[in-house]
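One structure is given here, and the rest of the page talks about it.
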Amino acid sequence: MTGRLDVEIAGAVATVRIANPAKRNAMTADMWRELPTVLDGLIVEDAVRVVVLRGDGNTFCAGADIANLADVGADTPDANLAVAAEEALARFPKPTIARIEGFCVGGGCQLALACDFRFATADARFGITPAKLGIVYPASSTARLVQSVGPAAARFLLLSAELVGVDRALRWGLIDEIAGEARVDEFAGVLASRSALSQAASKEIIAMAAATSIDADRVAHWMREVRESGEAREGADAFLARRPPSFPWHPHPKIF
């Protein structure tokens, strides 16, 4: 069974469920493509005041489906699907909550950080793994990460690709609370009771206040360097073979 996004509306709360359980709810290209359309439908659904994003079963999202990894960093129409989905979620005018259980890795963190609030159970694990895959994390996603956790924590996550638990995630600001379903339901009810107009205005103004400037030419330079190096292929092969990747040393130019 291919992955899918399931939507359930109960009162004022819509739950969008990431369902690809055979692959720990990894997002396929079709799922990335579908998410903005799902969100557009929920914008015009007047009864919906809050959206909760969660994974099927006991895992939030293990990232992008490895079947699509060979195209990561390539100049293909699908290359920016994850970023487009993330941005659609970040721009969504109604309050959003990521309800996180189990693994929240790579693209899963992109989605979670694009939500307004993140509630995680005690077993949750977080990681951002481009350094294990030989790819460059998207600039807009990196900016959102830095805005949420600060440069030091962002460096730890991006340069090490290690997984961290909820205590460190809470300390860094990667999540808002360690909590289960009952607390998420309660908080969704609080949000649904507030002024939707005030919430939409606040979301847009906060986004403007947090905006940072990114040098598009330098981003393009690094994307080109990585694409031409073949490291994404090695990262994909190593992942599929369940072995450590073997990346060559490169005499890189100065980064500043």
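Of the conditions (1) under 16 Å from residue 86 (Cβ atoms); (2) of a type outside the set (Lys, Arg); (3) free of Cβ contacts under 8 Å to residues at least 24 places away in the same chain; (4) surrounded by fewer than 18 Cβ atoms within 10 Å (Cβ to Cβ), residue 137 fails just one. Which one is it?
So the condition that residue 137 fails would be (4).
Being modelled with pLDDT under 95 and under 22 Å from the mean Cα position of the chain (by Cα) is the requirement here; does residue 235 meet it?
yes
What are the residue pairs meeting all of these: first residue in region 51-78, first residue within 15 Å of residue 32 (Cβ to Cβ) and among the polar types (S, T, N, Q), second residue in a loop (DSSP other than H, G, I, E, B) and modelled with pLDDT of 55 or more, Cβ atoms under 7 Å, and 6 or more apart or on different chains?
Correct list of pairs: 68/28.
Considering only region 32-54, state which residues are touching a helix residue (DSSP H, G or I) at 6+ places or on another chain (Cβ under 8 Å), within 24 Å of residue 181 (Cα to Cα) and either in a strand (DSSP E or B) or of a type in the set (A, V, I, L, M, F, W, C) (or both).
35, 39, 48, 50, 51, 52, 53
With the requirement that a residue be within 8 Å of the chain's Cα centre (by Cα) and part of a loop (DSSP other than H, G, I, E, B), what does region 99-113 give you?
The one that is within 8 Å of the chain's Cα centre (by Cα) and part of a loop (DSSP other than H, G, I, E, B): 106.
Answer with yes or no whether residue 129 is hydroxyl-bearing (Ser, Thr, Tyr) and without any contact (Cβ under 8 Å) to a residue 60 or more places away in the chain.
Spelling it out, it is not the case that residue 129 is hydroxyl-bearing (Ser, Thr, Tyr) and without any contact (Cβ under 8 Å) to a residue 60 or more places away in the chain.
Can you tell me how many residues in region 150-168 are surrounded by 18 or more Cβ atoms within 10 Å (Cβ to Cβ) and outside any helix (DSSP H, G or I)?
The number of residues fulfilling the criteria is 1.
Check off (1) assigned to a loop (DSSP other than H, G, I, E, B); (2) modelled with pLDDT under 95 for residue 94 and give me the number that stays unchecked.
Evaluating residue 94 over (1) assigned to a loop (DSSP other than H, G, I, E, B); (2) modelled with pLDDT under 95 leaves (2) as the failure.
Condition check: surrounded by fewer than 17 Cβ atoms within 10 Å (Cβ to Cβ), more than 22 Å from residue 89 (Cα to Cα) and either among the β-branched types (Val, Ile, Thr) or under 16 Å from the mean Cα position of the chain (by Cα) (or both). Does residue 143 satisfy that?
No; evaluated as a whole, the condition is false for this residue.
What are the pairs with Cβ atoms under 7 angstrom where one residue, in region 169-186, is closer than 17 Å to residue 111 by Cα and the other, located anywhere, is of a type in the set (S, T, N, Q) and not in a loop (DSSP other than H, G, I, E, B)? Sequence gap at least six, or different chains.
173/148; 174/148
Looking at region 193-212 only, could you name the residues that are without any contact (Cβ under 8 Å) to a residue 60 or more places away in the chain, in a helix (DSSP H, G or I) and either within 20 Å of residue 47 (Cα to Cα) or in contact with a helix residue (DSSP H, G or I) (Cβ under 6 Å, 6 or more places away or on another chain) (or both)?
Hits for region 193-212 are 197, 198, 201.
Looking at this structure, is residue 17 touching a Ser or Thr at 6+ places or on another chain (Cβ under 6 Å) and crowded, with 17+ Cβ neighbours inside 10 Å?
Judged against the criteria, residue 17 is not a match.
Go through (1) under 30 Å from residue 194 (Cα atoms); (2) under 15 Å from the mean Cα position of the chain (by Cα); (3) modelled with pLDDT under 95; (4) not hydrophobic (A, V, I, L, M, F, W, C) one by one and return the number of the condition residue 28 breaks.
Among (1) under 30 Å from residue 194 (Cα atoms); (2) under 15 Å from the mean Cα position of the chain (by Cα); (3) modelled with pLDDT under 95; (4) not hydrophobic (A, V, I, L, M, F, W, C), residue 28 violates only (1).
The values are calculated or read from the model by the stated rules, or taken from the named source; none is laboratory data. If you're wondering where the values come from, they're calculated on a predicted model, not measured in any experiment. Neighbour counts run over all protein chains shown; Cβ positions are idealised from the backbone, glycine included.
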